[in-house]
Amino acid sequence: MGCPHAIGVKESIVSHSTGTRVLRRGDEGYEQARRAVVWHAGAPNRFPEVIVRARDEDDVMDAVRLARDEDRQMAVCSGHHSWSGSHLRDGIVLLDLAGLRDVSVDSEAMTATLQPGVRGSELGALLHERGLFFPVGHCEGVCVGGYLLQGGFGWRGRELGPSCMSVTGIDVVTADGNHTYADGTRNPDLFWAARGAGPGFFGVVTRFHVKLYSLQPVTLTSFYLYPPDVWEEYLRWSRLIEPTLPAEVELWNLMYRDESVSSEGPVISVSATAFVDTEERAREELTLFERCPVRDRALIAEVNRATTTSELTARNTHYPPDRRFIADNTWTHASFDELLPGLRAIHQDFPPAPTHLVWFPWTLTPQRPPMAYSVEDELYLALYAGWEHPADDETYRRWVTERMRAMEPLATGIQLADENLINRPRRFVTEDSLHRLDEIRARYDPDGRFVSWLGRPQFAHAP
Ligand SMILES: Cc1cc2nc3c(=O)[nH]c(=O)nc-3n(C[C@H](O)[C@H](O)[C@H](O)COP(=O)(O)OP(=O)(O)OC[C@H]3O[C@@H](n4cnc5c(N)ncnc54)[C@H](O)[C@@H]3O)c2cc1C
């Protein structure tokens, strides 16, 4: 086994954790710190009593003790990329781990340990330099803390599965204030829960132990932009070819308004990336997109471009942080014809950018290990609305929630990544997994110290 190589991330970004460590409601700087724990401009009006910005693991244990001494509930955040600001709750101790950003890589063993405040995009770039890979998320800013707990849908996710499958162990501070370790054999229940409980996890993860992969030699992407009038034909075709897409090809279809291209309605952008061993194979796999029946209508076509995941991540500019945001989503295996009425409803009154619809074909391979994460399907549809004025909050909240509610008869469930549980609590794990999570929580957090999901799905036979 090689000597772990500690990458000096902590030193270069330590400024993130400077400033007052403990802020109480009413203190100077409190409101700034409260708003900063939600990445977009629409931080909800929920007010923790105390915000603790941890510098190290001792601070984490102190924060748990503080919550216990004051008999308060507590919540945790890392990268602040929860759409709903799930950790912002009234009267709690909020523990912010954004400053915990150590990365340690063992290149020979192909493993790493990650503190929760490590950004996926930074990790991806660090590993790329070393010929290594981890399935980090598709956008800058998302940190591994919340990302890995909820499942984690990252680059090469169709091939490698949800990223929590690559977590081999966690260091965790539990509700009794003790620091412990969990994996498949030590505290296996806690480890099972940490892979999928997302914002309902009942502990503070201070370090993730993960396995790494070799970087694929070739990453080739074909981009297309289709005009508004072919959206139905394109998506119908996409739905037909999706079952034949190799797992190493990742397809993103996005619907959004771009007035500089067309004022007739939303356009469809297509990004198909092959992560493979040879250029020949990549070209062969991407040829499919050249055979799309509306290919000659594409307004833009950049075919077989050599790319990196960092470049692909940087192209993802649909999330300006000065806007207020809401997201909601659906897993489905419905056919295009079944989806069409719901899609038409979305399409007909589509708001301006940055609002967009994501259409992301998924795979159910490789085989999933036992873990709380337990609901997924062939196709992922997510709506993200972004707007400027607080006066429009209700309009957008209703638009996103109602459009996704209309898809419910076709839905298998939802992802916690883009949860809208406060408005539409739907199934994000199986009923058995939800009950098992309850049982494990009762053992590790008997007093309910940690807050849970913002909404809880009702199953027909739930007690
Ligand atoms: C612009 C954008 C792009 C996104 N892209 C992707 C994507 O490509 N793939 C994908 O899977 N998801 C994506 N997401 C969803 C994102 O992964 C989840 O919201 C995730 O929870 C964010 O993690 P975080 O640490 O950045 O956020 P936070 O808001 O800090 O954490 C989210 C929740 O996780 C829990 N939590 C966080 N850290 C800890 C910890 N250390 N211990 C215990 N509990 C903790 C808390 O309950 C917290 O409320 C995206 C979100 C946004 C806003």
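At a glance:
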| quantity | calculated |
| --- | --- |
| Answer residue from segment 354-411, given it is of a type in the set (Ser, Thr, Tyr), out of contact with any helix residue (DSSP H, G or I) (no Cβ under 7 Å at 6 or more places or on another chain) and part of a loop (DSSP other than H, G, I, E, B) and is surrounded by the most Cβ atoms within 10 Å (Cβ to Cβ) among those | Thr355 |
| Segment 305-321, residues that are touching an Asp or Glu at 6+ places or on another chain (Cβ under 8 Å) and either surrounded by 14 or more Cβ atoms within 10 Å (Cβ to Cβ) or more than 30 Å from Glu279 (Cβ to Cβ) (or both) | Thr313, Asn316 |
| Residue in segment 31-45 that is modelled with pLDDT of 95 or more, among the acidic types (Asp, Glu) and either outside any helix (DSSP H, G or I) or more than 18 Å from Ser84 (Cα to Cα) (or both) present | no |
| Single condition Arg426 does not satisfy, out of (1) within 22 Å of Leu343 (Cα to Cα); (2) within 16 Å of the ligand (Cβ to nearest atom); (3) crowded, with 18+ Cβ neighbours inside 10 Å; (4) not assigned by TED's automatic domain parsing to the domain that holds Trp331 | (2) |
| Yes/no for Ile440 being within 20 Å of the chain's Cα centre (by Cα) and surrounded by 13 or more Cβ atoms within 10 Å (Cβ to Cβ) | no |
| Unique residue being β-branched (Val, Ile, Thr), more than 27 Å from Ala197 (Cβ to Cβ) and modelled with pLDDT under 95 when the list is Thr313, Thr317, Thr355 | Thr317 |
| Residue match in segment 60-79 (condition: within 15 Å of the ligand (Cβ to nearest atom), small (Gly, Ala, Ser), in contact with an Asp or Glu (Cβ under 6 Å, 6 or more places away or on another chain) and farther than 16 Å from Leu23 by Cβ) | no |
| Filter result for Glu122 (farther than 25 Å from Leu454 by Cβ and under 16 Å from the mean Cα position of the chain (by Cα)) | yes |
| Any hit, segment 166-184, residues being buried (at least 19 other Cβ atoms within 10 Å of the Cβ), near the ligand (Cβ under 10 Å from one of its atoms) and part of a loop (DSSP other than H, G, I, E, B) | no |
| Checklist (1) over 21 Å from the mean Cα position of the chain (by Cα); (2) under 23 Å from Leu235 (Cβ atoms); (3) assigned to a loop (DSSP other than H, G, I, E, B); (4) of a type outside the set (Asp, Glu) applied to Gly448, failing item | (2) |
| Considering residues of segment 87-132 that are polar (S, T, N, Q) and surrounded by fewer than 24 Cβ atoms within 10 Å (Cβ to Cβ) only, the residue farthest from Leu149 (Cα to Cα) | Ser107 |
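The values are calculated or read from the model by the stated rules, or taken from the named source; none is laboratory data. Just so it is clear, the model here is predicted, and its values are computed rather than measured. Neighbour counts run over all protein chains shown; Cβ positions are idealised from the backbone, glycine included.
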